[in-house]
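The values are calculated or read from the model by the stated rules, or taken from the named source; none is laboratory data. Remember, predicted model here, so these are calculated numbers, not experimental data. Cβ atoms come from the backbone with ideal geometry, glycine included; neighbour counts cover every protein chain shown. Heads up: the accessible areas ignore ligands, DNA and RNA and are worked out on the full protein's heavy atoms, side chains in. Shrake-Rupley method; radii C 1.70, N 1.55, O 1.52, S 1.80 Å.
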Amino acid sequence: MISQSPALSAVPPGPGDQFEIGDTDDSLERMARYYAEYGDFYRVHAPRRGTDTYVISDPEAIRRVLVTNHRNYTKGVGINRVKVLLGNGIMVSEGELWHRQRRMMQPSFHRRHMVNFFANIENCNRALLAEWQARAARGETVNLTEDVSRMTLDIVLRALFSDDLEVLANRVGGNPFTVLADESARDLRFAARFRALAHPIGELIKQRRERAPLRRDLLAMLMQARDKNSGLPMPDKSLIDEVMTLIVAGHETTASGLNWLWYLLSGHPEVTRRLHAELDALEGEPTPQQILELPYLGQVIDEALRLYPPGWLITRRAIADDELGGYPVPAGTDVFISPYLVHRNPRCWERPEQFDPDRFRDAAVKERNRFAYLPFVAGPRHCIGEAFALTEMRIHVARAALRFDLQLAGDQAIEMEARVNLRTRQPLIMRPLPR
Ligand code: HEM
């Protein structure tokens, strides 16, 4: 007699609750509660969508969804939250369109091109640190959340448009992108204001095509990219969607990551001391290249992204039936992966709640399952901007930590806010103490 595995006829355990993950402000807290109760596979029902959602936190099942059987999964419902902003850019698109666009964009984000962005990253940091210096001299605090958000926006805009940012600003009477840093709501009103920016971007593209100025920025690279099969450039509509995608995907995530990192450092003086020691051991003003090679700095950033991954929810939907961890996954099931939960999976991480950059020493990383750490996801749809983000974060943290010890002012209670990104609900008000 052939006996059927009991797990294969079962569904993952779950609370039996109706729960549209991502729709409510307490989604992450609730997911964490269920995770503590049910473990690496659990199931909730989403009544509005009429589907089951499996939340998976087991690295091997995650490997299957993201890599070995990735063709069986589309991006899922999470993407609806950003579709209205990003049109058909690569964050959203699927199939042949996604594949073609990704292939054309990929080379611009290669590690070896990061050197093109050093000067602009350095300039944006210089401006920010001069502001902090002036405030420190007056004994004032800084709104770190706002400042870092403005800086990461500026960095991605300069990377895309270089000096043409001024051309765009002149055309519409001021930097049209500040709406991104100034407004935190990501509702339909915001989407309408943001999509209106497609027009000036389209005009800039036309102007560049007519005058063919010499530029080495991202927009120039995207305009020069050719599809390897057809030899054709991207149509303007795609160019605009990709530019908008890079602005949104590249700015808020990096800002959230840095915001959490400064929060963690301010509460861990021993880690700060080791970071300062590594920086102070360099002779004179370090070059960006030297900064990128600092091991402890890299570990601190990796560890901050572990505890508070800005992309806290990855959604996928099964196209055909599959099986994960012994559970059948019927076609149409939503499969959600929360890097926040996976990064605190006690089977993969000792003392997961503790901020400990040493867990990112080379030897420790080699021993761990690669799919236990997913700040930039993995597989074909992994973050295209990973090298860009890490370059930007390392240079910023090094330059700021060389000059200041940043301490949280007063006894602010800081809570998490898990919306499109994982942010702090309250802005971090910090005191920059010159070193
Ligand atoms: C700390 C900073 C960042 C984090 C944590 C982050 C995280 C992520 C995650 C989790 C995804 C996958 C989303 C999904 O599969 O549903 C993603 C995709 C993406 N990211 Fe990032 N990101 C960061 C910075 C950036 C930057 C700087 C850029 C560009 C300048 C960028 C551009 C993109 C794009 C275009 C995609 C879509 C890729 C595709 O589907 O082919 N990201 N990112």
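If you take the residues in the stretch 251-263 that are more than 9 Å from the ligand (Cβ to nearest atom) and under 13 Å from Met393 (Cβ atoms), which one is farthest from the chain's Cα centre (by Cα)?
Checking each candidate, the answer is Trp262.
Please verify whether Thr51 is of a type in the set (Ser, Thr, Tyr), away from the ligand (no atom under 12 Å from the Cβ) and more than 17 Å from Ser238 (Cβ to Cβ), treating the condition exactly as stated.
The answer is yes for Thr51.
Which residues, counting only those in the stretch 357-371, are free of Cβ contacts under 8 Å to residues at least 40 places away in the same chain and hydrophobic (A, V, I, L, M, F, W, C)?
Ala363, Ala364, Val365
Pairs please, first residue from the stretch 231-244 and without any contact (Cβ under 8 Å) to a residue 12 or more places away in the chain, second anywhere and of a type in the set (A, V, I, L, M, F, W, C) and open to solvent by 30 Å² or more (accessible area, probe 1.4 Å), Cβ atoms under 8 Å, 6+ apart in sequence or on different chains.
Pro233/Met223
For every residue, the table says whether it meets (1) of a type outside the set (Asp, Glu); (2) within 11 Å of the ligand (Cβ to nearest atom); (3) open to solvent by less than 50 Å² (accessible area, probe 1.4 Å); (4) under 15 Å from Leu204 (Cβ atoms).
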site: Asp217; (1), (2), (3), (4): no, no, yes, yes
site: Ala220; (1), (2), (3), (4): yes, no, yes, yes
site: Thr245; (1), (2), (3), (4): yes, yes, yes, no
site: Ala249; (1), (2), (3), (4): yes, yes, yes, no
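From the list Val335, Val342, Val420, exactly one residue is of a type in the set (A, V, I, L, M), within 16 Å of the ligand (Cβ to nearest atom) and in contact with a Ser or Thr (Cβ under 7 Å, 6 or more places away or on another chain). Which is it? Break it down stepwise before answering.
Values: Val335 fails: in contact with a Ser or Thr (Cβ under 7 Å, 6 or more places away or on another chain); Val420 fails: in contact with a Ser or Thr (Cβ under 7 Å, 6 or more places away or on another chain).
The unique qualifying residue is Val342.
Can Arg158 be described as of a type in the set (Lys, Arg), open to solvent by 20 Å² or more (accessible area, probe 1.4 Å), part of a helix (DSSP H, G or I) and under 28 Å from Met104 (Cβ atoms)?
So Arg158 fits the description; yes.
Based on what the data block shows, is Gly257 of a type outside the set (D, E, K, R) and open to solvent by 20 Å² or more (accessible area, probe 1.4 Å)?
On the way: of a type outside the set (D, E, K, R): yes; open to solvent by 20 Å² or more (accessible area, probe 1.4 Å): no.
Spelling it out, it is not the case that Gly257 is of a type outside the set (D, E, K, R) and open to solvent by 20 Å² or more (accessible area, probe 1.4 Å).
Is it the case that some residue within the stretch 299-311 is open to solvent by less than 10 Å² (accessible area, probe 1.4 Å), acidic (Asp, Glu) and either within 22 Å of Leu408 (Cα to Cα) or away from the ligand (no atom under 14 Å from the Cβ) (or both)?
Looking through the stretch 299-311, at least one residue is open to solvent by less than 10 Å² (accessible area, probe 1.4 Å), acidic (Asp, Glu) and either within 22 Å of Leu408 (Cα to Cα) or away from the ligand (no atom under 14 Å from the Cβ) (or both).
Regarding the stretch 130-146, can at least one residue be identified that is within 21 Å of Asp236 (Cα to Cα), within 22 Å of the chain's Cα centre (by Cα) and at pLDDT 95 or above?
Going through the stretch 130-146, the residues within 21 Å of Asp236 (Cα to Cα) turn out to be none.
Scanning the stretch 130-146, I find no residue that is within 21 Å of Asp236 (Cα to Cα), within 22 Å of the chain's Cα centre (by Cα) and at pLDDT 95 or above, so the answer is no.
Of the residues Asn170, Asn143, only one is out of contact with any strand residue (DSSP E or B) (no Cβ under 8 Å at 6 or more places or on another chain) and surrounded by fewer than 17 Cβ atoms within 10 Å (Cβ to Cβ); which? Don't jump to the end; show me each part of the working.
On the way: Asn143 fails: out of contact with any strand residue (DSSP E or B) (no Cβ under 8 Å at 6 or more places or on another chain).
Matching residue, one of Asn170, Asn143: Asn170.
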